[in-house]
Number of protein chains: 2
Amino acid sequence: MEVLAAVFTTRPRADGTLDLDVLLWQRAMDPDAGRWALPGGVVGPDEDVDQSARRQLADKVDLTRVAHLEQIGVFSDPGRVPGARVVATGFLGLVPLGAEPSLPPDTRWHPVAALPPTALDHGGITGRAAGRLRAKLSYTNIGFALAPAEFTLATLRRVYAAALGHDVDPTNLHRILLRRGMLEPTGTTAPPGPAGGRPAALQRFTVSELRVTDPFAAFRPPDRPA
Amino acid sequence: MEVLAAVFTTRPRADGTLDLDVLLWQRAMDPDAGRWALPGGVVGPDEDVDQSARRQLADKVDLTRVAHLEQIGVFSDPGRVPGARVVATGFLGLVPLGAEPSLPPDTRWHPVAALPPTALDHGGITGRAAGRLRAKLSYTNIGFALAPAEFTLATLRRVYAAALGHDVDPTNLHRILLRRGMLEPTGTTAPPGPAGGRPAALQRFTVSELRVTDPFAAFRPPDRPA
DNA sequence: CGGGGTTTTCGACTTATAATCGAAAACATG
DNA sequence: CATGTTTTCGATTATAAGTCGAAAACCCCG
């Protein structure tokens, strides 16, 4: 029994936009030596898989500030690794923008849109994790785990755009997150950029743990509060 | 490594409404002798957990017509069972209304709303599975796995009401499922009940595998098709 | 065979939420 | 202080869901 974590963050690109990256380390030994793998390892006898995933990230890639970590599924194909059968629990992890830890050698962030050759089934696990992230961005407050503690709406827009893979409308983003009570202004403003312009109000997420908004109010009972 | 499946179906109650039930068997041996447990068992060396769950259901409770089966998570607390640590993968299974198989002795359907004393952590797993079912009813076509092949809108309403735990509006149910392209009329009608009344048009789900409707179109890019 | 009772179906309206657009606000620079 | 830039927000439109009630289509009974 092992755990494998696809840890994502967004990192600045040259053109000012952000890129969705996943943390991978390059295998030195066979099988799949030279290919890139997800961090993880064997689950200890006195920990559950969630604790184990946290521990492995701290131990192996010095990653202690994972803002969110959740199971995405069990990968148990008998042939997923050569030799004896190893069952893996896959995780989705998120690190806020700008909170990247110093990485050990052989460990690097890679753009999810252009993965290097991946080891074993780690590419598939990464894809599943990215899909889960994209889905949850639209009906949960999971953005808190990708955004910095305080941020401008323009920054949040770039974070969402990077994770979703398409541009988002800033008016909608603001109004929807406000309506759901996920966002609130800090009261302070960020200094304007080099080109001037109105200074942006700093925002924060109201809660820093996963909250689900009713995906659909559909079929709602007559008397239930909205 | 074991699998445990919370298999649900809806069954008629005396008052004409439906009840959401889960399949449990009564343990004869310790630990937790006499308490009720989820069907499942140890994963074999040449099968993955999904195949294993299907096999166990077929072998142990003669359940071959599970219309839907999906992972809901890994349960790995070192103390979840006495003795050596056993990691379990939990599953949500669904059986259509009226498709109940003949059950082995010691195996019975129990109302989810009033579970008998459950073994180990099986009550918690059942709760998680029920929550997943309720969530997916509102943004997927998962109803196909609870409804018969053909059904009237009134029946579907009762199925949804049982699974969700609250009444649903038939007009909304119809219009929403139609709009999403999940439902279509068969062209035939069901005979009216003993009290007469307009005969109901028979309906069916258009697809019989899980389809997710965009939970939110939120943040949609300007040019993406709806 | 026509009226009253029953159930289903659907149109019409209201409300809630999201998408789009553009103008106003608030700053920097020359 | 005029001009350019970025942010913010109000106004409008579009889409989806919730609510209501009437019409449709059947039964039974007198």
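A:Q203 versus (1) within 16 Å of DNA strand D (Cβ to nearest atom); (2) open to solvent by 40 Å² or more (accessible area, probe 1.4 Å): which is the lone unmet condition?
For A:Q203, the failing item is (2).
Tell me, which residue of the stretch B:131-169 that is at the interface with another protein chain (Cβ under 10 Å from one of its Cβ atoms) and within 16 Å of DNA strand C (Cβ to nearest atom) is surrounded by the most Cβ atoms within 10 Å (Cβ to Cβ)?
Once the filter is applied, the top-ranked residue is B:Y160.
So that you can scan it fast, the table gives a plain yes or no per residue for (1) modelled with pLDDT of 95 or more; (2) open to solvent by 80 Å² or more (accessible area, probe 1.4 Å); (3) of a type outside the set (A, V, I, L, M):
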| residue | (1), (2), (3) |
| --- | --- |
| A:L4 | yes, no, no |
| A:T10 | yes, no, yes |
| A:G16 | no, no, yes |
| A:L24 | yes, no, no |
| A:L38 | yes, no, no |
| A:V61 | no, no, no |
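From A:R134, A:R198, which residue is part of a helix (DSSP H, G or I) and either assigned by TED's automatic domain parsing to the domain that holds A:G98 or more than 19 Å from A:L94 (Cα to Cα) (or both)?
Details: A:R198 fails: part of a helix (DSSP H, G or I).
Every option except A:R134 fails the conditions.
For the stretch A:189-209, what are the residues that are over 16 Å from A:R157 (Cα atoms) and polar (S, T, N, Q)?
Across the stretch A:189-209, the qualifying residues are A:T189, A:T206, A:S208.
Let me confirm something: among B:V49, B:V42, which residue is open to solvent by less than 90 Å² (accessible area, probe 1.4 Å) and without any contact (Cβ under 8 Å) to a residue 60 or more places away in the chain?
Numbers: B:V42 fails: open to solvent by less than 90 Å² (accessible area, probe 1.4 Å).
Just one listed residue meets the conditions, B:V49.
Quick one: B:L94 ticks every box in (1) aliphatic (A, V, I, L, M); (2) at the interface with chain A (Cβ under 10 Å from one of its Cβ atoms); (3) open to solvent by less than 60 Å² (accessible area, probe 1.4 Å) bar one, so which box is it?
Going through the list (1) aliphatic (A, V, I, L, M); (2) at the interface with chain A (Cβ under 10 Å from one of its Cβ atoms); (3) open to solvent by less than 60 Å² (accessible area, probe 1.4 Å), B:L94 breaks only (2).
Run B:P78 past the list (1) buried (at least 21 other Cβ atoms within 10 Å of the Cβ); (2) part of a loop (DSSP other than H, G, I, E, B) and report the number of the one that doesn't hold.
Unmet for B:P78, out of (1) buried (at least 21 other Cβ atoms within 10 Å of the Cβ); (2) part of a loop (DSSP other than H, G, I, E, B): (1).
Give the number of residues within the stretch A:182-221 that are at pLDDT 80 or above, within 14 Å of chain B (Cβ to nearest Cβ) and either away from DNA strand C (no atom under 13 Å from the Cβ) or more than 30 Å from B:A135 (Cα to Cα) (or both).
3
I'd like to know if the stretch B:116-127 contains one or more residues that are assigned to a helix (DSSP H, G or I) and within 14 Å of chain A (Cβ to nearest Cβ). Walk me through it before giving the result.
If we filter the stretch B:116-127 for residues that are assigned to a helix (DSSP H, G or I), which is where we start, we get B:122-127.
From what is left, the residues that are within 14 Å of chain A (Cβ to nearest Cβ) are B:124-125.
Yes; the residues of the stretch B:116-127 include at least one that is assigned to a helix (DSSP H, G or I) and within 14 Å of chain A (Cβ to nearest Cβ).
Can you find a residue in the stretch B:51-61 that is within 14 Å of another protein chain (Cβ to nearest Cβ) and of a type in the set (G, A, S)?
Yes.
In the list B:G79, B:G40, which residue meets the criterion of being more than 9 Å from chain A (Cβ to nearest Cβ) and over 18 Å from the mean Cα position of the chain (by Cα)? So that I can check it myself, show each step before the final result.
Details: B:G40 fails: over 18 Å from the mean Cα position of the chain (by Cα).
When all the criteria are applied, what remains is B:G79.
Within the stretch A:26-36, track down each residue that is surrounded by 15 or more Cβ atoms within 10 Å (Cβ to Cβ) and assigned to a loop (DSSP other than H, G, I, E, B).
Scanning the stretch A:26-36 gives A:R27, A:D32, A:R35.
So A:L173 clears everything in (1) part of a loop (DSSP other than H, G, I, E, B); (2) within 12 Å of DNA strand D (Cβ to nearest atom); (3) open to solvent by less than 20 Å² (accessible area, probe 1.4 Å) except one condition, right? Which one?
Every condition holds for A:L173 apart from (1).
Can you tell me how many residues in the stretch A:176-195 are outside any loop (DSSP other than H, G, I, E, B) and closer than 19 Å to A:E209 by Cα?
We begin by selecting, within the stretch A:176-195, every residue outside any loop (DSSP other than H, G, I, E, B); these are A:176-179, A:183-189, A:193.
Restricting the remaining residues to those that are closer than 19 Å to A:E209 by Cα gives A:176-179, A:183-186.
The number of residues fulfilling the criteria is 8.
Tell me yes or no: at least one residue of the stretch B:165-185 is under 19 Å from the mean Cα position of the chain (by Cα) and under 21 Å from B:L23 (Cα atoms).
Checking the stretch B:165-185: at least one residue is under 19 Å from the mean Cα position of the chain (by Cα) and under 21 Å from B:L23 (Cα atoms).
The values are calculated or read from the model by the stated rules, or taken from the named source; none is laboratory data. Treat the numbers as computed from the prediction; the structure is a model and nothing was measured. A quick note on method: Cβ atoms are made from the backbone with ideal geometry, for glycine too, and the neighbour counts reach across all protein chains shown. Accessible surface areas use protein heavy atoms only, side chains included; no ligands, DNA or RNA. Shrake-Rupley method; radii C 1.70, N 1.55, O 1.52, S 1.80 Å.
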